[in-house]
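Below is one structure, written out as structure tokens; comments come after it.
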Amino acid sequence: MPARLPSWAWVTGLTVGAIAAVTVLGVQADRGSHPTAASAKPSSTASAQPTPTASVPARVPDGSGTGRRVVYALGEKRVWLVDASEGTRRTFTVWPGSVSPDPGTYTVSSRNAATTGSDGVQIEHIMYFAAKDGVSVAFSNAVDGASPPPAASGTKTGGVRMRKADGTALWSFGTVGTTVTVVK
């Protein structure tokens with residue numbers, strides 16, 4: 001007849017087994033995909049605005065070029081940050097101004113860390129890439145993270161606003177000379 005183990009040995013054995021199982025599951029989870037989530041919530045002024053998300057659509061729009069670039073889809077009100085290997089590093093929706101650039105290929109011509117937007121809002125991470133009808137078009141985000149209020153009728157604004165976390169990511173990704181492809 002086999003010897004009986006003391007109860008503490010059983011508890012120790014079960015604990016070691018549980019730790020091993022959790023470790024194996026943790027390693028497997030770490031190897032899986034990691035979706036991103038939006039960290040900022042829209043302000044109360046965002047109720048009539050589209051709600052940006054950080055979910056990743058299946059692919060970058062056709063006709064958006066190749067290589068490392070920023071892709072801005074006017075119809076989807078969405079931006080993709082595409083790396084040199086054609087991988088999407090991040091995508092998010094935006095709030096465009098009343099003046100949109102024509103579809104085409106542009107480059108980031110200048111950057112400004114912070115200023116006041118034409119709508120009076122304190123903005124940061126401003127990246128200028130186009131001009132149309134005498135209005136500069138630039139990506140930016142509000143310092144307080146709020147969505148822009150609807151533009152007054154007849155006001156021309158070229159700011160393409162985004163959530164603060166998305167603005168920070170775009171600022172890190174897009175230096176002067178970075179390609180910006182605008183598609184319908």
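The values are calculated or read from the model by the stated rules, or taken from the named source; none is laboratory data. On a predicted model such as this, the values are computed, not experimentally measured, just so you know. A quick note on method: Cβ atoms are made from the backbone with ideal geometry, for glycine too, and the neighbour counts reach across all protein chains shown. Just the protein is used for accessible areas: all its heavy atoms, side chains included, with ligands, DNA and RNA removed. Shrake-Rupley method; radii C 1.70, N 1.55, O 1.52, S 1.80 Å.
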Open item on the list: Can you tell me which condition Thr105 does not meet? The list is (1) touching a Pro at 6+ places or on another chain (Cβ under 8 Å); (2) under 16 Å from Thr179 (Cα atoms); (3) open to solvent by 20 Å² or more (accessible area, probe 1.4 Å), and all the others hold.
Closed with: (1)
Open item on the list: I need a count of the residues in the stretch 147-184 that are of a type outside the set (S, T, N, Q), farther than 16 Å from Ser100 by Cα and crowded, with 20+ Cβ neighbours inside 10 Å.
Closed with: 6
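Select from the stretch 83-105 the residues that are closer than 24 Å to Ile123 by Cα, of a type in the set (A, V, I, L, M, F, W, C) and in contact with a Gly (Cβ under 9 Å, 6 or more places away or on another chain) and list them in ascending order. Steps first, please.
As a first pass, look at the stretch 83-105 and keep what is closer than 24 Å to Ile123 by Cα: 89-102.
Then drop every residue that is not of a type in the set (A, V, I, L, M, F, W, C), which leaves 92, 94-95, 99.
Listed by number, the residues that qualify are Trp95, Val99.
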Open item on the list: Among the residues in the stretch 127-134, are any over 17 Å from Trp171 (Cβ atoms), modelled with pLDDT of 95 or more and open to solvent by less than 10 Å² (accessible area, probe 1.4 Å)?
Closed with: no
